[in-house]
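Chemist: Dropping a structure here in structure tokens format, bear with me for questions.
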Amino acid sequence: MSNNLDWLNGLAEGQADFDAAIRQLDSKFSGVSNFLAWRETVLMAQSKYPSDMPGVSAPPLYVAHRWLQLAEAGCLDVRVDPARGLIVEEKLGDDSARLGPSSEVIRNQISKLIFKKLNELPDGRMLQIYELAHAFQTATKKRLADYQQELEEVIEDLSEKSYIQHRTRGLGGMILFCKGIDFDVWQDEIMSTRSRPAAAPSPSPSPSPSPSPIPAPAAPASHTYIFHAPVASVQTGANAVAHVQQTADQSQFAELKSALEAVLAELAKSNLPADEREDVRELVRTTITEVEKEKPNKLTVRTMLGGIATTVQTLGSSSDAYKVFKAAAAVVGVTLP
């Protein structure tokens, strides 16, 4: 009888010690989770910590005390995943963080990946945050979630320059990106950086003058003609070269503007959800602003029309706005069924 009481008392004391360790963990990471979640996570983690006996897991009190010691050393990573719940992982600690890249390097990497992914997307597609996170992890072997501050700084900087637009949608707070009105300016900056010539090497002294080279025959005269209407190639003279550039003239952009205004009127009568209708209305107005410029950027216009086209198709092919928009959008290469 006495042995049974001793065993029960020992069991109760062990349980009390375990609960005390769980409370310490919960207090150490206050606000991250709760007592029950910590308790369940420790119990589930037992299998990762084998004891000295083959096939037997370490007791939960050992796991809890181990995590407390690692937490004191700054070597415990604790976070909450919406799908998996409380996640606890051991890490090297602050020394490994100091050996990582600087914030400036990370910001440059994030910025380059946003440009690359947006530049690759077809018209009408948006970039989702999980696609960017996957690309970042593939390129750097690091998690984008560990650089939240750098990500926010990059998004704010690119948005202020109108290189990108972004929205946060859904209960999970998914971030969506699309090309901004000045995305073409960003393209020019990237291309000019890549094509910048290297410095020419210093000329080496020549030991003796070399014979003057025979002058090359003069290049044949060439003439450049730019037409703003559908024409065939035109050449004049034996060695003339004609470059034909067909562009949308102002009257065609005026038609596109009228079509976009018709879409705005149609949206007011549509059954789209209020938030979606407002998003499309804002995109249409931004497109009209671009079209009204003296020299509209066709890449930017095509990108924005691609996003509008998806919504316009929901209005039905029999609507007047759809018919007008379909004809006008074809001017800049956006085709609707």
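Chemist: Report the label-to-label distance for Glu261 and Ala330 in nanometres (one decimal), using points 7 Å from each Cα along the Cα→Cβ vector.
Modeler: 2.3
Chemist: What distance in nm separates the two pseudo spin-label positions at Leu43 and Ala133, each 7 Å out from Cα along the beta-carbon direction?
Modeler: In this crude spin-label approximation the distance works out to 2.9 nm.
Chemist: What do you reckon, how do Lys293, Lys269, Lys323 stack up by accessible area (1.4 Å probe), largest on top?
Modeler: Of Lys293, Lys269, Lys323, the descending order of accessible area is Lys269, Lys323, Lys293.
Chemist: For the modelled label position 7 Å from the Cα of Thr310 along Cα-to-Cβ, which residues of the stretch 106-144 have backbone nitrogen atoms closer than 19 Å?
Modeler: It comes to 114-134, nothing else.
Chemist: With a 1.4 Å probe and all protein chains in place, put Glu294, Glu156, Glu72 in order of accessible area, largest first.
Modeler: Glu294, Glu72, Glu156
Chemist: By how many nm would the segment from Ser30 to Ala254 grow when fully extended, if each residue of separation counts as 0.36 nm and the alpha-carbon distance is taken off?
Modeler: 74.6 nm
Chemist: Using a 1.4 Å probe, how large is the accessible area of Arg285, given in Å² and rounded to the nearest 10?
Modeler: Roll a 1.4 Å probe over it and Arg285 shows about 130 Å².
Chemist: If I ignore ligands, DNA and RNA and count only protein heavy atoms, how much of His134 is accessible to a 1.4 Å probe, in Å² to the nearest 10?
Modeler: That residue has around 130 Å² of solvent-accessible surface.
Chemist: OK, next. So which of Lys28/Lys112; Lys112/Lys298; Lys142/Lys179 end up more than 28 Å apart by C-alpha?
Modeler: Lys28/Lys112
Chemist: For Asp77, Asp146, write out the residues from largest to smallest accessible area, computed with a 1.4 angstrom probe and no ligands counted.
Modeler: These residues rank, largest area first, as Asp146, Asp77.
Chemist: Once both labels are modelled 7 Å past Cα along the beta-carbon direction, what's the Arg79-Leu272 spacing in nm?
Modeler: 3.4
The values are calculated or read from the model by the stated rules, or taken from the named source; none is laboratory data. Just so it is clear, the model here is predicted, and its values are computed rather than measured. Cβ atoms come from the backbone with ideal geometry, glycine included; neighbour counts cover every protein chain shown. The accessibility values were calculated without ligands, DNA or RNA, using every heavy atom of the protein model including side chains. Shrake-Rupley method; radii C 1.70, N 1.55, O 1.52, S 1.80 Å.
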